[in-house]
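Student: I'd like to ask some things about the structure below.
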Amino acid sequence: MPASGTVPLPLEITAVVKTFGKGPTQVRALDGIDLKITAGEFVAIMGASGSGKSTLLHAMVGLTDVDSGAVRVEGKDLSTMSDSALTRFRRERIGLVFQAFNLIPVLTAEDNVKLPAIRRDGLDAKVDHLFRRLGIHDRRHHKPDALSGGEQQRVAIARALVADPAIVLADEPTGSLNSVNGQDLCRLLRELCKDDGRTIAIVTHEPTVAMWADRVIVLKDGKVLTEFPVPAEHDPERLARDYQHALLGASAS
Ligand code: ADP
Ligand code: MG
């Protein structure tokens, strides 16, 4: 638990190591990660393919057990929670969007979104609002295989937001969206953060997405290489430049 009197951070990761495999082929996907994300912050996690971004996101919510180190969400050490307590905690507090959308094929878009909701009161209005906001309202009665990749991605996002989570984590949430829908989703995430006070962390390699965040954390080979604040102008070229400088500057030193 945190020191008495302090509000716990939404996310606090200390010296986390996660390896896959054994012997000479072993991969250190997370190699001593420390990071803190404060309440109401919007963080973008960037880094080359294989740098550990997805593993980090899974570890943040206890979907991957870590070898050592601690993952605390709202002050709770995930390793001390039972599977059922962890599942409930995730459903109540965290909205998750994975790279694979994991939609249930036999359910309509709307029913996919309603399925994980714990509280049923006001659910119809909530789902209605989210589908309108995400521009998929006319697709709500379709099953996933009748939806485009971008539409499926937005259904997965609606599902992540339906429980009003305090923390939203997403792995490449704009990966299947065209640039207009991608920018619209970024604005929505920013609203959820700045207007509603939610804490948001997304994995992305797109400067046009990362530019909406408050801070960029750069991973390399399972380590936090560096991080930098994002200026308020939402300037993709500036972001791309800062990201390149982060990569080059850190490797030159
Ligand atoms: P990123 O999301 O940044 O592309 P990942 O977190 O998916 O990176 O992967 C980090 C490293 O861990 C990569 O070398 C990857 O091959 C390895 N890895 C990830 N998941 C597994 C797994 N389930 N089994 C074995 N190796 C894995
Ligand atoms: Mg990944």
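The values are calculated or read from the model by the stated rules, or taken from the named source; none is laboratory data. These figures come from a predicted structure and were not determined experimentally. Heads up, the Cβs are rebuilt from the backbone with ideal geometry, glycines too, and the neighbour counts pull from every protein chain shown. Heads up: the accessible areas ignore ligands, DNA and RNA and are worked out on the full protein's heavy atoms, side chains in. Shrake-Rupley method; radii C 1.70, N 1.55, O 1.52, S 1.80 Å.
Student: How much of the calculated P(r) for region 121-197 lies past 15 Å, in percent of all Cα pairs?
Tutor: When all Cα pairs of region 121-197 are counted, 55 percent exceed 15 Å.
Student: Taking 7 Å along the Cα-to-C-beta vector as the label spot, tell me the N102-R187 distance in nanometres, rounded to one decimal.
Tutor: 3.0
Student: Over the chain, average the accessible area per residue using a 1.4 Å probe and give it in Å², no decimals.
Tutor: Numbers: 12180 Å² over 253 residues.
Roughly 48 Å² per residue, with all protein chains present.
Student: First check a/c for region 69-158, with a ≥ b ≥ c the square roots of the eigenvalues of its C-alpha gyration tensor; if it is under 1.5, answer rounded, and if not, answer prolate when a/b is larger than b/c or oblate otherwise.
Tutor: Prolate shape, in that a/c is at least 1.5 and a/b is the bigger ratio.
Student: Also: Quickly rank 199-211, 17-29, 93-105 as a protection proxy: mean count of other C-beta atoms within 10 Å, highest first.
Tutor: 199-211, 93-105, 17-29
Student: Would you give the gap between the C-alpha center of region 182-220 and the C-alpha center of region 56-120, rounded to a whole Å?
Tutor: 19
Student: Can you tell me the order of 174-183, 155-164 when each peptide is scored by its average per-residue count of other Cβ atoms within 10 angstrom, highest first?
Tutor: Result, highest mean first: 155-164, 174-183.
Student: Which lysines, on any chain, are close to K22 with Cα under 24 Å apart, when same-chain ones fewer than 8 places away are left out?
Tutor: K53, K220, K223
Student: May I pose another question? Please work out the FRET efficiency for the pair A85 and A48, using the Cβ-Cβ distance as r and a Förster radius of 35 Å; give the result to the nearest 0.05.
Tutor: So, using R0 = 35 Å, E works out to roughly 0.50.
Student: If you don't mind, there's one more thing I want to ask. Round to the nearest 10 and give me the degree value, 0 to 90, for the angle of helix 123-133's Cα axis relative to the longest principal axis of the chain.
Tutor: The angle comes out at about 70 degrees.
Student: Can you pull the percent of Cα pairs in the chain with separation above 26 Å? Mind showing how you got there, number by number?
Tutor: On the way: 13016 of 31878 pairs.
Roughly 41 percent, rounded to a whole number.
Student: Could you tell me how many degrees, from 0 to 90 and to the nearest 10, lie between the Cα long axis of helix 179-194 and the main elongation axis, the longest principal axis, of the Cα atoms of the chain?
Tutor: So the helix axis and the longest Cα principal axis differ by about 80 degrees.
Student: Can you tell me the 0 to 90 degree angle between the C-alpha axis of helix 236-252 and the longest principal axis of the chain, rounded to 10?
Tutor: The helix 236-252 is inclined about 30 degrees to the chain.
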